[in-house]
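A.B. asks: Quick one: the structure is below, questions incoming.
The values are calculated or read from the model by the stated rules, or taken from the named source; none is laboratory data. Here the structure is a predicted model, which means the values were calculated and not measured. So basically every Cβ, Gly included, is an ideal-geometry build from the backbone, and we count neighbours across all protein chains shown.
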Amino acid sequence: MRIYDRTLKCGCMYSSDGGGGLMPCIYLPEEATQEELKACEDAHKEWYKSDDYKQYQEECYENNI
Ligand SMILES: [Zn+2]
C-alpha cells in the first residue's frame, strides 16, 4: 500500500514510495477555478524551494534501491 506522507497546502498529496506518487488536489483542471489552480501552483512553488522537498527526493531515491 502506498503511503501519502506529504500534503501540500492546496491538498495535493505526495508519496515517496515506489518512485514517488501524487494524488492531486484537482482531478479535473478544466473544472477547477482560477483560484484553485493558482493555490495549487503556489503551494508547489513553495514546496520545491523547501528543505522538505530535498528530503522527499532523497526518500524517493532511498525507497527505490
Ligand atoms: Zn494541489
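A.B. asks: Given the residues Tyr48, Tyr61, Tyr4, which is the only one that is within 11 Å of the chain's Cα centre (by Cα) and at pLDDT below 95?
C.D. replies: Tyr4
A.B. asks: Can you tell me how many residues in region 1-14 are more than 14 Å from Trp47 (Cβ to Cβ) and outside any loop (DSSP other than H, G, I, E, B)?
C.D. replies: Number of matching residues: 0.
A.B. asks: Can you tell me how many residues within region 15-33 are among the β-branched types (Val, Ile, Thr) and either under 16 Å from the mean Cα position of the chain (by Cα) or within 30 Å of Glu62 (Cα to Cα) (or both)?
C.D. replies: Number satisfying all stated conditions: 1.
A.B. asks: If I go through region 15-27 residue by residue, how many of them are within 13 Å of the ligand (Cβ to nearest atom) and either part of a loop (DSSP other than H, G, I, E, B) or in contact with a Leu (Cβ under 9 Å, 6 or more places away or on another chain) (or both)?
C.D. replies: 4
Condition check ((1) over 16 Å from Gly11 (Cα atoms); (2) outside any loop (DSSP other than H, G, I, E, B); (3) within 16 Å of the ligand (Cβ to nearest atom)) across all residues:
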site: Glu30; (1), (2), (3): yes, yes, yes
site: Glu41; (1), (2), (3): no, yes, yes
site: Tyr61; (1), (2), (3): yes, yes, no
site: Ile65; (1), (2), (3): yes, no, no
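A.B. asks: Report, by residue number, each residue of region 19-37 that is of a type in the set (Gly, Ala, Ser) and out of contact with any helix residue (DSSP H, G or I) (no Cβ under 9 Å at 6 or more places or on another chain).
C.D. replies: Gly21
A.B. asks: On to the next question. Which of the residues that make up region 43-56 are more than 13 Å from the ligand (Cβ to nearest atom), over 16 Å from Tyr4 (Cβ atoms) and assigned to a helix (DSSP H, G or I)?
C.D. replies: Lys49, Asp51, Lys54, listed by residue number.
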